[in-house]
1. Once you have the Cα-Cα distance between residue 197 and residue 103, take 0.36 nm times their residue separation minus that, and quote the gain in nm to one decimal.
2. Excluding residue 134 itself, calculate the net charge of residues whose Cβ lies under 12 Å from the Cβ of residue 134, where each Lys or Arg counts +1 and each Asp or Glu counts -1.
3. What ratio of Cα Rg to 2.2 N^0.38 Å holds for the stretch 175-267?
4. Anything over 31 Å Cα to Cα? Flag those among 400/484; 178/206; 269/304; 453/479, in the order listed.
5. Taking the full set of protein chains and a 1.4 angstrom probe, give the accessible area of residue 375 in square angstrom, rounded to the nearest 10.
6. Among all the lysines, which ones have a C-alpha under 23 Å from residue 500's C-alpha, if same-chain residues fewer than 8 places away are not counted?
7. For the cross-link pairs 366/535; 373/549; 379/496, which exceed 31 Å when the distance is taken from alpha carbon to alpha carbon?
8. Residue by residue through the stretch 114-121, which ³J(HN,Hα) values in whole Hz follow from phi under the Karplus form 6.51 cos²θ - 1.76 cosθ + 1.60 (θ = phi - 60°), with glycine and proline marked x?
Amino acid sequence: PFFTCMAVVVDDETNPFRLPPDDQIFVIREKERQRRAEERERVKHQKVWQKTTASSRVHKNRRIDDGIDEAQIAAEAASKTKTQRRDGAVTRETRREKENVSEFVKKKREMFLVQMHLDVQKAEILKLDERAKKKDEALKRSQQMLEEDVTRFDAFLQTTDKNAHKALKNAEEKTKIKTEKIQKIRHLRSQLSAITSEIAKLSEQKDECIKFKGFLEKLTPQEWKDEKDNEKVERQLSRKRQWVQEQMAGHKADERAEIEAEERAMEEKAQENSRGRRRPKREAEEEGKEREREMEAMRRRIRKKYPTQETVETEYQGIDSGTERELYFKQPKQLLDVFTSLEGSNLFLIQNSQDTEQVLEEVQQKIEEMQSKYETTTKRMMENISKLEQQIESENRRRKELKEQLSEKKNSSEQEKLLTDMCNKVVEVHAACFKEKEQYPDTHKMLKAIEAKLEELLTYLDEVEETELGRKQVEELEKQYNKKRRDKQRRLKVEKEDRKKESKREDSLRRSQAPSHKKVGKQIMFRSPPLYQEKREVEEDDGFEDNCKDHRVFGIWIDNEGMPNAEKPQKLT
């Protein structure tokens with residue numbers, strides 16, 4: 001920073017460092033204030049062109065740094081002060097003349113500004129030096145960090161190069177191992193294909209041998225098979241007997257050894273008891289008998305510990321020797337003998353089959369003749385039946401009309417009874433399906449619920465029948481239900497027959513108990529039926545049979561006007 005100050009001409013005679021007296025300090029301040037007020041009043045009464053501006057006043061001042069170095073100014077000021085101090089020591093009293101206060105203040109101000117300028121410059125220099133040191137340290141640290149980064153980067157490059165070389169080497173080794181494995185796999189596959197082909201060939205040979213073996217076993221006489229089976233059973237029985245004998249011999253040896261040890265221990269005990277004293281003969285005999293009883297009880301106890309022959313036989317587990325039954329045919333002559341015998345029997349069977357074929361052809365011819373004869377008769381009978389059916393249909397229509405007329409005339413009590421029965425049946429079915437009863441049953445709602453339940457059960461059955469186990473369970477349940485239904489029908493049929501027999505028995509009993517009436521007079525003779533005369537009738541084809549066929553197949557037929565009808569077609573008379 002640069003500071004400016006007023007240029008002051010300092011006389012050689014005045015001392016800038018001389019302080020004013022204490023009583024004049026306030027006078028000087030008051031005089032300065034008064035001078036400024038007078039200057040302001042004088043400027044107020046001046047003309048415009050006489051007044052000065054701030055820029056003109058600036059040019060009157062002299063900057064400290066205009067062509068003069070600050071250090072030079074400081075040196076000149078120091079030299080002046082030294083000379084003044086040296087001269088002032090001699091003429092201190094002579095120079096104590098009257099000084100101007102403004103000049104003194106100006107000198108003080110100039111000295112203060114110079115000193116402040118020097119202090120500011122020193123502080124700035126120190127600050128710049130410190131900043132330069134910090135920058136140098138920062139540059140050194142950054143250079144050191146760059147060097148460390150360079151070293152780390154070089155180390156990283158070296159490690160990456162090493163890893164790359166190592167990876168290349170590993171890759172080459174792996175590729176080499178891979179090629180070796182591939183070659184080995186190809187070799188093993190070739191071996192495997194050869195082995196599989198050999199296995200297939202041997203399996204084909206085995207199948208052929210098994211087929212020929214089965215063929216030879218079929219040709220083997222049954223007596224020889226029975227004989228070999230009996231021999232095998234005898235071998236198994238002999239192995240069982242031998243095993244049982246070995247087990248029993250071991251058990252017997254253990255039993256004898258244990259009995260002998262117990263007897264020896266009892267004898268030693270008896271000798272110890274009888275040692276050192278004499279006993280009467282009777283007492284000795286009783287002791288001997290008691291010892292015999294104890295030994296017998298001990299033998300029975302030991303025998304119970306070991307299994308008997310029956311238990312050992314039950315423990316035996318039959319092991320098959322694994323040897324197959326040898327073939328009956330060992331020489332080609334045996335097979336030729338069997339073939340000759342079979343050829344003779346086959347010739348006899350062929351002759352019998354030819355005779356039966358001839359008889360069958362005759363029977364078939366007779367059946368065809370009878371079938372043609374019966375076809376003509378059945379055709380004629382069918383025509384008669386169709387006519388009778390038409391008559392029956394007309395009579396049925398008439399009967400329905402009459403019944404409708406009668407039902408309209410009668411009271412509707414029967415219909416109400418039928419409806420109530422149907423409603424009760426629907427309620428029963430709904431309760432069986434949903435395990436609950438409706439408080440206010442609605443037949444239509446219950447029928448809809450029953451239908452939904454049936455759909456749900458049918459879909460569940462379809463899902464169950466998709467699996468093998470479910471299909472088997474459904475078939476088993478169907479069989480059980482059909483069996484129950486047949487049993488129920490059979491029981492109902494038997495009950496119906498029993499009721500029928502009972503009614504017949506009651507009728508016969510009633511007839512036997514009823515009084516007999518003798519027939520009086522001549523018997524009534526029945527008239528003979530009139531002769532049957534065939535008449536040929538020509539009927540116009542109005543499409544009735546085609547309409548019946550369409551209704552039977554499709555459930556709908558088209559009339560002559562082209563309108564579809566779902567009701568059964570009726571023949572126009």
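1. 20.5 nm is the gain from fully extending residue 197 to residue 103.
2. +2
3. The reported ratio for this selection is 2.49.
4. Violating the 31 Å limit, Cα to Cα: 400/484; 178/206.
5. 110
6. Residue 500 reaches 488.
7. Working: 366/535 33 Å; 373/549 28 Å; 379/496 38 Å.
With Cα atoms farther than 31 Å apart: 366/535; 379/496.
8. In residue order, the calculated couplings are 4, 4, 5, 5, 5, 4, 5, 5 Hz.
The values are calculated or read from the model by the stated rules, or taken from the named source; none is laboratory data. Remember, predicted model here, so these are calculated numbers, not experimental data. Heads up, the Cβs are rebuilt from the backbone with ideal geometry, glycines too, and the neighbour counts pull from every protein chain shown. All accessible areas refer to the heavy atoms of the entire protein, side chains included, with ligands and DNA or RNA removed. Shrake-Rupley method; radii C 1.70, N 1.55, O 1.52, S 1.80 Å.
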